[in-house]
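Colleague: Questions regarding the structure given below will be posed in turn.
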């Protein structure tokens with residue numbers, strides 16, 4: 001799973017990871033260079049070969065510069081790895097969403113983009129880079145210390161690892177004390193909040209002293225458990241530090257013994273002592289990194305990025321027919337819970353069809369089914385060829401992007417300014433029908449629009465995109481009488497087919513439609 005996920009994140013990034021390995025490897029030499037230089041200088045000074053000191057210092061400077069530059073490059077490449085992963089995940093999840101969009105998935109996509117991506121970056125991408133670095137540092141340090149003296153280096157390695165065994169013995173003790181404190185804190189917090197929210201009852205029944213005592217008892221218990229947790233944590237740290245001191249002395253004693261016997265010189269012992277920490281630390285870190293990587297497995301499985309493409313909903317059956325849309329004995333609803341049944345009607349080219357019904361009856365459900373946003377429960381929806389991509393939508397909550405008027409009209413397509421101005425005049429947005437206004441910002445960071453203006457922009461989008469069918473979802477509701485009449489007139493003059501749903505509409509207006517379908521009728525109701 002984790003290897004496949006790595007291949008998914010970095011399909012064509014071999015050069016990037018080659019650079020990370022090389023730069024990380026050179027950076028990890030820091031664990032060797034300092035011990036080597038200090039050990040060598042010690043031997044030179046003890047031998048009074050002072051003429052060699054400048055040479056060693058120059059070497060140290062050169063190596064230090066190489067390591068520092070490598071570290072800088074390594075950090076930049078690490079940032080590139082994070083960038084590549086973020087771009088891949090965030091772009092893919094949006095692409096997959098658009099392949100099969102639905103309102104139910106919006107929250108999940110937002111949560112993944114804003115939360116899960118950062119968790120994967122921290123727990124997976126950073127962990128992989130750290131793992132590579134620690135392996136390199138451990139290998140290079142091991143080769144170096146063994147080259148000095150195998151037996152002494154093993155003594156330093158074993159003694160260096162011993163202190164890290166202490167937490168394994170004290171972990172349950174520390175975690176247990178933490179859990180006990182956490183429960184006592186929750187108990188105290190619950191009692192305190194209930195006392196705060198229930199102050200009218202406490203006041204009316206004159207039991208303030210009782211509740212003071214009750215809260216203070218919970219507080220005293222919570223603080224006592226907190227002290228016990230601190231005691232356990234401090235004691236565990238003390239034991240770990242004590243074992244580190246004892247193991248260091250033991251390893252150093254072995255090294256001194258070898259110096260006394262002439263098998264290791266003083267400079268080499270100092271180098272071993274300094275380098276041993278750069279050997280044991282990455283080994284411990286490797287173990288921790290693997291644990292960190294394990295925590296990402298549920299996250300990767302949960303989001304299923306590798307297979308996150310949803311099966312696209314397709315409720316429409318393409319058929320050669322004279323009509324544009326033909327509902328045949330359809331049952332409509334959400335998650336197989338029907339709201340409407342026996343939906344059966346035909347829409348012919350250029351017809352203006354009105355669907356009415358009370359709130360919650362399923363009018364919007366019909367639109368969502370027609371737009372393939374939710375699956376059709378049963379029945380058949382036959383459409384003429386090219387109908388599926390020819391829907392323009394005007395909704396009660398017309399969506400305006402935080403961008404220019406031009407973008408909101410074209411949605412990124414290249415359309416001549418003259419055509420935009422012509423359409424704006426056609427949909428009665430004369431005040432925006434000028435070149436300067438096309439670059440006016442709309443949305444959160446720009447100009448506020450009235451409900452009528454927003455719906456006119458949606459209508460303009462449909463006209464610019466040459467949509468042949470206009471779906472109007474409560475397009476007249478929530479507007480003043482004048483704005484409502486203007487929108488109605490624009491809908492009636494739309495050159496293509498119109499399917500409109502309304503909760504409330506005047507009798508005079510409803511008479512102007514070619515068809516009127518009343519979903520309040522019993523034949524459509526689900527018992």
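Only the coordinates and a few stated rules stand behind these numbers; no lab work does. Everything numeric here is computed off the predicted structure, so don't read it as measured data. So basically every Cβ, Gly included, is an ideal-geometry build from the backbone, and we count neighbours across all protein chains shown.
Colleague: Going by how many other beta carbons lie within 10 Å of each one, how would you line up 334, 185, fewest first?
Modeller: The most exposed by this proxy come first: 334, 185.
Colleague: Which values of log₁₀ I(q)/I(0), to two decimal places, follow from the Debye formula for the stretch 44-176 at q = 0.12, 0.22 Å⁻¹ with a uniform point scatterer at every Cα?
Modeller: -0.85, -1.23
Colleague: Report the Cα-based extents of the stretch 150-263 along its three principal axes, largest first, to the nearest Å.
Modeller: 88, 17, 15
Colleague: Moving to a separate point now. Take every DSSP beta bridge with both residues inside the chain and express the antiparallel ones as a percent of the total, to the nearest 5.
Modeller: 40
Colleague: Work out how much length residue 48 to residue 143 would gain on full extension: take 0.36 nm times their residue separation and subtract the Cα-Cα distance, in nm to one decimal.
Modeller: 31.3 nm
Colleague: Next up: Given an 8 Å cut-off on Cα distances and at least 6 residues of separation, report the relative contact order of the stretch 150-263 as a percent.
Modeller: The value is 54 percent.
Colleague: Further question: Just the ratio, please: alpha-carbon radius of gyration of the stretch 316-382 over 2.2 N^0.38 Å, N its number of residues.
Modeller: The stretch 316-382 yields a ratio of 1.08.
Colleague: What is the spin-label model distance, in nm, from residue 526 to residue 277 if the labels are put 7 Å beyond Cα along the C-beta direction?
Modeller: For the pair residue 526/residue 277, the computed spacing is 6.9 nm.
Colleague: Let me ask something else. Report, in deg cm²/dmol and to the nearest 500, the calculated mean residue ellipticity at 222 nm for the chain, where each DSSP H run with n ≥ 4 adds -39500 (n - 2.57) and the sum is divided by the residue count.
Modeller: That comes out to -20500 deg cm²/dmol.
Colleague: Follow-up question, since we're still on this one. Quote the FRET efficiency, to the nearest 0.05, computed for residue 68 versus residue 430 with a Förster distance R0 of 56 Å and r equal to the Cβ-Cβ distance.
Modeller: For residue 68 and residue 430, the calculated efficiency is 0.30.
Colleague: So, in nm, how far is label residue 15 from label residue 175 when the simple model puts each one 7 Å beyond its Cα toward the Cβ?
Modeller: Here the modelled spin labels are 4.6 nm apart.
Colleague: Relative contact order of the stretch 403-497: what whole-number percent is it, with Cα pairs under 8 angstrom and at least 6 residues apart?
Modeller: Rounded, it is 29 percent for the stretch 403-497.
Colleague: Please report how far the C-alpha centroid of the stretch 397-467 lies from that of the stretch 96-156, rounded to the nearest whole angstrom.
Modeller: After rounding, the separation between the Cα centres reads 46 Å.
Colleague: Also, I was wondering about something else. Subtract the Cα-Cα distance of residue 337 and residue 235 from 0.36 nm times their separation in residues, and report this length gain in nm to one decimal.
Modeller: 30.7 nm
Colleague: Which value in Å is the Kirkwood Rh of the chain over different Cα pairs?
Modeller: Taking the inverse mean of 1/r over all distinct Cα pairs, the chain comes out at 30.9 Å.
Colleague: What percent does the relative contact order of the chain come to when contacts are Cα pairs within less than 8 Å and at least six residues apart?
Modeller: 16
Colleague: Further question on the same structure: First check a/c for the stretch 356-435, with a ≥ b ≥ c the square roots of the eigenvalues of its C-alpha gyration tensor; if it is under 1.5, answer rounded, and if not, answer prolate when a/b is larger than b/c or oblate otherwise.
Modeller: Here the stretch 356-435 falls in the prolate category.
Colleague: Arranged by the count of other C-beta atoms within 10 angstrom, fewest first, what order do 343, 201, 259 take?
Modeller: In increasing order of surrounding Cβ atoms, one gets 201, 259, 343.
Colleague: Please find the FRET efficiency linking residue 319 to residue 111, where r is the Cβ-Cβ separation and R0 is fixed at 35 Å, and quote it to the nearest 0.05.
Modeller: Once the sixth-power term is evaluated, E becomes 0.30.
Colleague: OK, next. Need the full-extension length gain, residue 58 to residue 87, defined as separation in residues times 0.36 nm minus the C-alpha distance. One decimal, nm.
Modeller: 6.1 nm
Colleague: Return 125, 132 ranked ascending by Cβ neighbour count within 10 Å, so the fewest neighbours appear first.
Modeller: By the 10 Å Cβ count, ascending, the order reads 132, 125.
Colleague: Could you work out how far the C-alpha centroid of the stretch 172-188 sits from that of the stretch 470-527, in angstrom?
Modeller: So the two Cα centres are separated by 62 Å.
Colleague: How many nm separate the modelled label positions at residue 284 and residue 7, each set 7 Å beyond the Cα in the direction of the Cβ?
Modeller: With each label placed 7 Å out from Cα toward Cβ, I get 3.6 nm.
Colleague: Determine, for each peptide in 250-257, 50-57, the mean count of other beta carbons within 10 angstrom over its residues, then list the peptides with the highest first.
Modeller: 250-257, 50-57
Colleague: Something else now. Can you give the FRET efficiency for residue 507 and residue 95, using 1/(1 + (r/R0)^6), R0 = 35 Å, r = Cβ-Cβ distance, to the nearest 0.05?
Modeller: My answer for the efficiency is 0.15.
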